[in-house]
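Asks: Here it is, the structure, as structure tokens.
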Amino acid sequence: MHKILAICFTTLVLLSLATAQQPSSGTNWKPLAWLIGDWIGSGGGTRGQASGSFSFELDLQGKILIRRSFAEYPAIADKPAYRHDDLMVVYREGRGFKAIYFDNEENVIRYAINVSADGSVVEFVTEAAPAAPRFRLTYRKTGETTLAGELETAPPGKPFATYLEWTAQKKPAK
């Protein structure tokens with residue numbers, strides 16, 4: 001009888017520990033919720049006019065937000081036509097959000113995410129590093145289904161300068 005009680009007690013303790021280590025259910029994506037969906041964009045910058053699309057969608061049972069993006073750049077001057085593809089994983093860390101970005105040029109960028117008080121501006125910013133360039137990716141809500149985007153770069157020790165700008169229209173939900 002004591003063995004059965006010991007086994008039951010041990011099982012309950014192990015189940016309690018396993019449950020306590022589970023991540024909390026339901027990440028609060030409210031500050032970024034307006035970005036979720038499929039977007040069609042167009043824009044320009046130092047590389048010339050581009051067209052493309054991107055999407056933000058929840059994954060892993062709502063624990064992460066994934067952005068997939070592509071842009072097609074026409075040939076200009078001495079540069080051939082080019083397609084850029086990237087993937088970004090957004091996740092909750094502590095009380096804020098972080099992101100990690102990968103692209104077909106083998107760039108890997110880690111971002112901290114800032115959201116304006118009214119929630120209409122979402123800014124992805126890299127931390128300053130002594131010998132590395134910095135990046136700032138900003139989305140500004142311009143309407144219920146529109147946004148303006150900007151990617152800025154900064155060489156070490158220099159201020160940010162605009163590299164790309166675009167506008168996007170959200171596709172109607174399926």
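Asks: What about residue 110, is it part of a strand (DSSP E or B) and exposed (fewer than 15 other Cβ atoms within 10 Å of the Cβ)?
Replies: yes
Asks: Against the condition modelled with pLDDT under 90 and out of contact with any strand residue (DSSP E or B) (no Cβ under 9 Å at 6 or more places or on another chain), how does residue 95 come out, does it pass?
Replies: Details: modelled with pLDDT under 90: yes; out of contact with any strand residue (DSSP E or B) (no Cβ under 9 Å at 6 or more places or on another chain): yes.
Considered against the rule, which asks whether it is modelled with pLDDT under 90 and out of contact with any strand residue (DSSP E or B) (no Cβ under 9 Å at 6 or more places or on another chain), residue 95 comes out as yes.
Asks: Identify the residue in region 113-134 that is among the polar types (S, T, N, Q) and surrounded by 15 or more Cβ atoms within 10 Å (Cβ to Cβ) and, among all such residues, is farthest from residue 160 (Cα to Cα).
Replies: Among residues in region 113-134 that are among the polar types (S, T, N, Q) and surrounded by 15 or more Cβ atoms within 10 Å (Cβ to Cβ), the one farthest from residue 160 (Cα to Cα) is 114.
Asks: Just need a number here: residues in region 84-95 that are surrounded by fewer than 16 Cβ atoms within 10 Å (Cβ to Cβ) and either outside any loop (DSSP other than H, G, I, E, B) or aromatic (Phe, Trp, Tyr) (or both).
Replies: Qualifying residue count for the region: 5.
Asks: For region 67-83, enumerate the residues that are closer than 21 Å to residue 54 by Cβ, out of contact with any Ser or Thr (no Cβ under 8 Å at 6 or more places or on another chain) and assigned to a strand (DSSP E or B).
Replies: 73, 82, 83
Asks: Within region 110-140, track down each residue that is more than 12 Å from residue 152 (Cα to Cα) and hydrophobic (A, V, I, L, M, F, W, C).
Replies: Scanning region 110-140 gives 112, 113, 115, 117, 121, 122, 128, 129, 131, 132.
Asks: Please identify the pairs in which a residue from region 91-107 that is of a type in the set (Lys, Arg) has its Cβ atom under 6 Å from the Cβ atom of a residue that is part of a loop (DSSP other than H, G, I, E, B), counting only partners at least 6 apart or on another chain.
Replies: Within 6 Å, the pairs are 92/27.
Asks: Six or more apart or on different chains, Cβ under 6 Å: which pairs go from a residue in region 18-40 that's modelled with pLDDT under 95 and assigned to a helix (DSSP H, G or I) to one that's surrounded by 10 or more Cβ atoms within 10 Å (Cβ to Cβ) and aliphatic (A, V, I, L, M)? Could you list them?
Replies: 31/115
Asks: Now, a different point. Give all pairs with beta carbons closer than 9 Å in which a residue from region 110-131 that is at positive phi meets a residue that is surrounded by 16 or more Cβ atoms within 10 Å (Cβ to Cβ) and in a strand (DSSP E or B); count only pairs at least 6 apart in sequence or on separate chains.
Replies: From region 110-131, the pairs are 119/141.
Asks: Among the listed residues 81, 161, identify the single one that is modelled with pLDDT of 90 or more, farther than 24 Å from residue 27 by Cα and either exposed (fewer than 13 other Cβ atoms within 10 Å of the Cβ) or polar (S, T, N, Q) (or both).
Replies: Working: 81 fails: modelled with pLDDT of 90 or more.
When all the criteria are applied, what remains is 161.
Asks: Among the residues of region 135-153, which ones are under 20 Å from residue 84 (Cα atoms) and either over 16 Å from the mean Cα position of the chain (by Cα) or in a loop (DSSP other than H, G, I, E, B) (or both)?
Replies: 153
The values are calculated or read from the model by the stated rules, or taken from the named source; none is laboratory data. Computed from a prediction, not measured in an experiment: that's the story for all the values here. Don't worry about glycine lacking a Cβ; one is built from the backbone with ideal geometry, like all the others, and counts go over all protein chains shown.
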